[in-house]
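> Have a look at this one.
Please treat every number below as a calculation from the coordinates, not as lab data. This structure is a prediction, so every number in the text was calculated from the model and none was measured. Using ideal geometry, Cβ is built from the backbone for each residue, glycine included, and neighbour counts are taken over all protein chains shown.
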Amino acid sequence: MLRPILIHPDPRLKKVCDPVTDITADIARLAQDMLDTMYDAPGVGLAAPQVGVTKRLLVMDCTKAPEPPRPMVLINPRITWASDDLARYEEGCLSIPEQYAEVQRPARVRVAWTALDGTGQEEEFDGLWSTCVQHEIDHLDGKLFIDYLGPLKRQMITRKMEKLKRERARGQA
Ligand code: NI
């Protein structure tokens, strides 16, 4: 089932999310809905607060066809190591549609998380995967990629989003 994606600015996108304490049927359904919503958008990552659930859960899949898809669900993810070398990627966000900017982050990170079956996982990510997982974990701490930009650029994007939301509310977009 597709869930509506919140558009910035929204107070739910600014919250530090709560850990998932129990992997219930609701959490499993949320994860599946988030994957459906992400693939439909389309996007390569989606964090629970973006669908209005302020819990520490994210989904991602940075594979490119003809590679087989790799839908990942990360519960309570945390970065356990980050490389000293940095990488710049042009980032976007499903909560900030059609706005892109370069952000500098560690080129590689190791991340530990709990999988849907309750098992502990740890993996090192690089390239787009590394950028994506860091961007999504930021969402769980109420941080958006525009928070890395200067105040003028950030305000400009925020005003565009406010206008977009007004237009959508009036049914024009
Ligand atoms: Ni995002």
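> Run the helix sum for the chain: -39,500 (n - 2.57) per DSSP H stretch of 4+ residues, divided by residue count, reported at 222 nm to the nearest 500 deg cm²/dmol.
Rounded to the nearest 500, the figure is -9500 deg cm²/dmol.
> Same structure again: With unit charges on the beta carbons (Lys and Arg positive, Asp and Glu negative) and the dipole taken about the Cα centre of segment 11-172, which residue among 115, 37, 158 sits farthest to the positive side?
Highest projection toward the positive end goes to 158.
> When a/c is below 1.5 the answer is rounded, else prolate if a/b is larger than b/c, else oblate, so apply that to segment 9-132 with a ≥ b ≥ c taken from the square roots of the Cα gyration tensor eigenvalues. Kindly include the intermediate steps, with their values, before the conclusion.
Working: a/c = 1.36, a/b = 1.18, b/c = 1.15.
Rounded.
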